[in-house]
Every structure is written in structure tokens, then in C-alpha cells.
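The values are calculated or read from the model by the stated rules, or taken from the named source; none is laboratory data. Computed from a predicted structure; not experimentally measured. So basically every Cβ, Gly included, is an ideal-geometry build from the backbone, and we count neighbours across all protein chains shown. Surface accessibility is based on the protein's heavy atoms, side chains included, excluding ligands, DNA and RNA. Shrake-Rupley method; radii C 1.70, N 1.55, O 1.52, S 1.80 Å.
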Amino acid sequence: MHILVSLLTDGLSGGEEREPAAAMASSSTDELPATETPEAECPIYEEMICLDKSEQNQRLAMEELIKTEASYVHTIELCVSDIRVHLQQKQLPIDLEGLFSNIDDVLHVSKRFLKGLEATASQEPEQQLLRISALFHEFKEEMESIYKVYCASYEQALLLVESYKKNPRLQQEILETLNAMVPHTGASDLSFFLVMPVQRVTKYPLLVQKILENTSANDNAYSALQSAASAMLEINANINEYKRRKEVATKYNKAEQLTLRERLGRLNKHSIAKKTTRLSRLFMHEAGIVPKTEDKEFDHLEETFQSLASGVTELKENIASYLNNLQVFLLSKPHECELEIEDGAAQQYRHLAGTFHRTIFPEFRRRLDQLVYQPLCSLSDTLKGPQQLIRKRLDKLLDYEEIQEKKSEMGSVTYDEEAAMNTYLAINTLLVSELPTFNHVAMQWLGQILRSLVALQRDLAKQVLQEAEKELAQLPHGHVPLPTFWKMVKDTLSQSGAQLHSFCQKFETVMPSPVVQPLSPAEERRVLSLVNKHGPDKLYQVTSNISGSKDLDLTLQRGQIVALLHGMDTKGNTNRWLVDAGGHRGYVLAGKLQPYHLVQSEKPRMQTLAPDTGAERRRHSYTLPEMPSPQVHITPPTFQVVAGYAFTARSPQEVSLQAGQPLTVLEPHDKKGSHEWSLVEVNGQRGYVPSSYLMMVPIQEPVGWNLPVWSLPTQET
């Protein structure tokens, strides 16, 4: 896992240094291997014959640093300019970015570093040593930032190489590229080149250490070389620490979509104990029993991140709704309707609407999806990893606090507990170091999306105005002054409004009659029983057959009438009502019931029910059974027609009533002969009222008087 550590340890253990491009060392390059003896380069050593052994080795070590750097840069250039470009031209299904990572940045830094090293070749030995030490310090931060990214993604690149080996066609294409571009290397796969930056960054401490070993402690450059060697060792340590943090982040930032069964399958004694400890720790935080670990820097970064994530989520939902509304808008095509209007303006409207629906709005929706919605989805997906990691940090923080408390009490912790503490520190350090950059880049990304949205809206408005101006110029009133045009529009609307009002008045004179459904005598007796028990306002009729599937559910037929007892079941479910079916009581679905009102029948002792299907639900009266015929010696009571319920007139043809108000029935039907409406006179005003709102009440008159008796209008059944 820690490849940098292993390579660095092998080099410091005193073993022979192995050049990563060993095959290239035998090719046309003039790189000097570390194992060559001074006798291999006779001209060089003839010039250095007067120098002692230490100075000779020092000079050779500096030459090795420069020459191996030149060979390394040359190989990376081949990888970038030849191999990658050739694979790109083949357009193979290969993840080039995942393979080569930030190798362009590596090459750029290495070129500049090589240029500085080569510039020291003409200097005196002491000055050259000082300059080489200074170069390592100058490039320290840049090398660390570049190489840690490459090394962190190196293992993923190797996985890609192995996956391509399993595809014979891809492997053959890669081999052809290597043989064509770099035949002298004898490389069999891309890993030969991909490993070179990883090996090179681990060799810098070894090369500097080799120069240091051949430098006298009294030399002025000795301390500078020591500092340079320490800087290179620090770079490698930081790279390994960064890799470790990335591995932890990769492990925890994956939001797994697990089913309940899978989650339960992961439960064990250890996980339950750990979650219980975290929960109790969290409760103690909230209760103030133990203090929370405060990290103001992280809290500020998290607040910024959460605000950004919330804004992205809300904007994504709004854009999705916008796109759906546009799609619905495009489904309606009024311009394709054949209007029986020969007016030129109507035809121009059809042409303008057709242009909008065929070109402008579909293109706008396509660009909105491509330039705004899809980037928003990508940004939202990118935010999921840090969100998961922030949630995991809280869990690990609770573990960390618990272990710290135990450590302070007992003085030591187990290996697993120490690993848990290190995991929290790794996650926290990674978030604190990476969130500022992430927030900044995500904010720039969101800003670019918003700018694209504004630009698209501006383009849409511009296109719509251009098309509208073209059509407007062809209208007969296109060149009329604006005040005159608005006056014309106002007059036209007023005229149309008057016509519409006149039409409405005529239309309201025709009153729709509700459908009256007769009942059988047995059903009528059952309904009368329900009315006597629960009142007429509680009556409902079943709209479709109901088959009871649960305990206490009723099985009812379509058209059956029931009385409502309670508008919910015992669990508070308002979709199941408790009803009385005239003997049996139970629950039915509320959606299969509709209100009913009572309508008078032609027979005095019969009543009929009708569904309340109008928009305005009316309450209707019913007549009580008539008393038995009076004996001859008893004076029969007289009756008077009164309003059983209040009624508000809705048109000039109707008249308002108050409950209990006496009135005179002029005609027991309307102009169409329907007995549902009666023409009455009340307080000197005439108009129509519902016949079912009328009722007769007895009036005891003095003996000897005989007033005419009004009978209720008969109704059709």
C-alpha cells in the first residue's frame, strides 16, 4: 500500500540503486548507472587524477544527479508527447486522464528543475554544491504538491492497466503504440512508464545523501546539503501521509445504498457496542455532561460547504421543475388547431406560436439541460463524497473523544483504539486542508452555471422579441402609436366583456336539473330509519361495489345508502369511515362515498334520494308522514307553505328565502315543466326556488273558517 515507504526504505538500506528505466539505460541515452566504476569513463578520470577519492566520488554523484534527471525528463516527454498523443488519436475506450493523472505538471516542474541543475555544471564545486542544495529547497513545495497527487492516483492507474490487459484488443493496441513510439525501451505495458515519477521522487533523498557522504563535514556546503536531504525526506514522508489520508477518505466517502436486510446483516456485537457508545457520547454532549471538541476552523469550513450544498440541491430541483414545465408547455400545440377565423392576426399568431414550439423553445430546453442541469447534477454528485466524509468525521470524533478519555485515565490504549484515533486525525486533517480549495472550486463551478443560466434566459428573450417584432410589423395596427393601440385594445375588451355578460345571463336562465334516482319501498323504509337516527346531513351513497377485506369492513353494493357515524377509524385514518348501513355497522373507504340529499316524492309517505353532484351542495328537506285522515267530527287543520331552509338567489330569475318564511306558490314547475323548481311570490317579489326547499306546516284556524289548502308540487320520479 505504502509504495513510497517501501522504495525509500530499500534505497536507504544500502542496497544497489536500481534505475527505473533500466532498459533505457542500455539504449541510446547516455545515462551513467550508479554501479559503473570510474574506469568506465577514462577521459573523465584522467582529468580528475589529481583529486582525491572523496572529491572524485562527489563529482560523480553530482553528475549522476544531473544525467539521471535529464534521462528522466526525456522519458516523461516521450510518455506525454508520443505515447499519450498516439493513444488519443486512436480514440480507444481508455481513461487517459486516470492513467496519466497530472503527468503534465510533473514534466513541467522536472524541466525547470533540470534547467537549474544543468546551469550549475559550469560552476566551482563548492558553488555548485550550494546551488544544488538551494534548488532542492526552491522546488520543495512545488514538488510535494505535484508528486503527492500523482502518487496518490498511481495505484488506480495500475488497476486500469490490469483491466486493459484483460481486453485482448485494447492490449494489442497499446503494444502497437509502444512498439511504434518507443521501440528501444522494450516496454510491454504502460506501467513501465507510469512508475517512473513514483521512483524518481524517492530517489532524490538517495542522490543528495550520496553527495553528502562524499562531502567533508568542514565544507561550507555540508550543512546546506544536509538541509536539502532532510527536505527531500520530508517530501516523501508528506506524500505517504497524503496517500494514507486519501485511502481513508476513499474508504469512508462512498455513500452505499443498502437495503434494510443488508444493514441488519452487518450488525454484530462489536458494531452495536460501538454505535451505542457513540449515541451515549452524543447525548452527553447535548446534555452538557461532557464538553465538545471544538474546531473553529473546521466548523467554518463545514458551514460554508453545507450552505453551498443546500444551494446546489435547491437550484437543481428548481431547474428540474423548470424543464418539466417546459416539456408540458411544448406538449400543448394551439397553433395546430384549426380555428374558423380568417383574420390575418390569428394566422400570424399561429405562425408565431409554431415558430416558438418548433425551434426556439425546444432549442432553449436542450441548451438548458446541457449547460445548466447536467453540470448541476455533476456538481451535486461531487458534493456527495465530502458530505459522507463529514458525517463519518463526526462518528470518528465521538470515538476519538471516548478513547482520549480512556487514555487519560488508564495511560494506554489498544492497537485498534490507537488506529481509530489516527483515522479521525487523518479525516480531520484531510478535510481541513482540502475543504478550502474544494469550496472555492465548487463556488466557481456554481457561479459558472448561474452565468450560463442568465445567458440562456437573455438569449431566449432576445429570440422571442425578434420573432415577435417580425410578426408585429405585418399586423394592420403594427405602426399605430402606442396610446392609440392600448385604447383600441381596451374598447375591444369592453365590447367582448359586454357580449360575454349577456351570454351568461341567457345561459343562467336554463337551470340544470339534478338526477333523481327512485328507491324501492324497502330501501326507502331503511333510509327513513337512517334519517330518523342520524339526520339527513349524514346520508351518503356508495359509488361502486365495496368488498370488505379487513376486520369490521362492510361489503356494500353500488347505489346503497349509508349514514356516516365517524370520519376516521380507531387509528386516526381519515380514509376509512365508520358508517351505519341500516343494521350493520363497519368501515368503508371514504373515496367510494358521495353525499346524498332527500327529494320529495309524489306520494305523501314516500321519499327519494338524489346525489349531490353540483358544485354547490344543497341541503334538502323531507316531509313527515301524513297523519291519518281526520274523523268527521274533528275540524281538519289548515296548512301553509313556508321555506324549510334558507335559499340565496344566484340569478335575477331566482328569489331569496329565509328559513320559516311564508310564501305563495304560483306555479309548481319551471318553464320547462320540471317540478324541481317552483315559481313563488314572497314579499311582493316573484322568482324560482327549489321545490325541495318548500314545506307545508299546519295552522290551527278558528272554528267556522275554512281556508284553502295548498298542496306541494308533485315531482317526477
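Observations
- Extension gain for ASP416 to HIS501 (0.36 nm times residue separation, less C-alpha to C-alpha distance): 22.1 nm.
- Here the calculated FRET efficiency for LYS470 and GLN444, from their Cβ-Cβ distance with R0 = 41 Å, stands at 0.55, rounded to the nearest 0.05.
- Highest to lowest packing among 79-90, 493-504, scored as the average C-beta count within 10 Å: 79-90, 493-504
- Cα-projected label distance for GLU126 with GLU336, points at 7 Å along beta-carbon direction, nm: 9.2
- Protein heavy-atom accessible surface, 1.4 Å probe, per residue over segment 116-226: 44 Å².
- Per-residue 3J(HN,Hα) values for segment 143-158, derived from phi via the Karplus relation 6.51 cos²θ - 1.76 cosθ + 1.60 with θ = phi - 60°, read 4, 4, 5, 7, 6, 5, 5, 5, 5, 5, 9, 5, 5, 5, 5, 5 Hz in sequence order (x marks Gly and Pro).
- Segment 133-213: relative contact order as a whole-number percent, Cα under 8 Å and 6+ apart: 34
- Kirkwood Rh, angstrom, segment 116-159 [1 / mean 1/r, Cα pairs]: 12.3
- Portion, in percent, of the accessible area of segment 411-559 that falls on carbon or sulfur, probe 1.4 Å: 60
- The distance between label points at ASP381 and LEU326 comes to 2.1 nm (points 7 Å beyond Cα on the Cα→Cβ vector).
- Taking amide H positions as modeled 1.01 Å from N, with prolines and chain starts lacking one, the residues under 5 Å from GLY586 and 5 or more places away or on another chain are VAL579, ALA581.
- Convex hull of segment 154-233 built on C-alpha atoms - directionally averaged projected area, nm²: 7.1
- The amide H of ALA649, built 1.01 Å from its N in the peptide plane, has SER656, LEU657 as neighbours under 5 Å, considering only residues 5 or more places off or on other chains.
- Phi-based couplings in Hz for segment 448-460 (Karplus 6.51, -1.76, 1.60; Gly and Pro marked x): 5, 5, 5, 5, 5, 4, 5, 5, 5, 5, 5, 5, 4
- By accessible area, using a 1.4 Å probe on protein heavy atoms only, segment 288-385 has 52% of its surface on carbon and sulfur.
- Under a 5 Å amide H cut-off, with hydrogens placed 1.01 Å from N, ARG576 pairs with ASP569, ALA590 among residues at least 5 apart or on other chains.
- P(r) tail for segment 399-470: Cα pairs beyond 14 Å make up 75% of the total.
- Working from label points 7 Å from Cα in the Cα-to-Cβ sense, the LYS67 to ALA522 distance is 11.6 nm.
- Added length on full extension, which subtracts the Cα-Cα distance from 0.36 nm per residue, ASP491 to ALA461: 7.9 nm
- Efficiency of FRET from Cβ geometry, THR574 and ASP551, R₀ 25 Å, rounded to 0.05: 0.85
- Across segment 179-190, computed HN-Hα scalar couplings (Karplus, 6.51 cos²θ - 1.76 cosθ + 1.60, θ = phi - 60°) run 5, 7, 8, 10, x, 6, 7, x, 5, 9, 7, 6 Hz from first to last residue, x flagging Gly and Pro.
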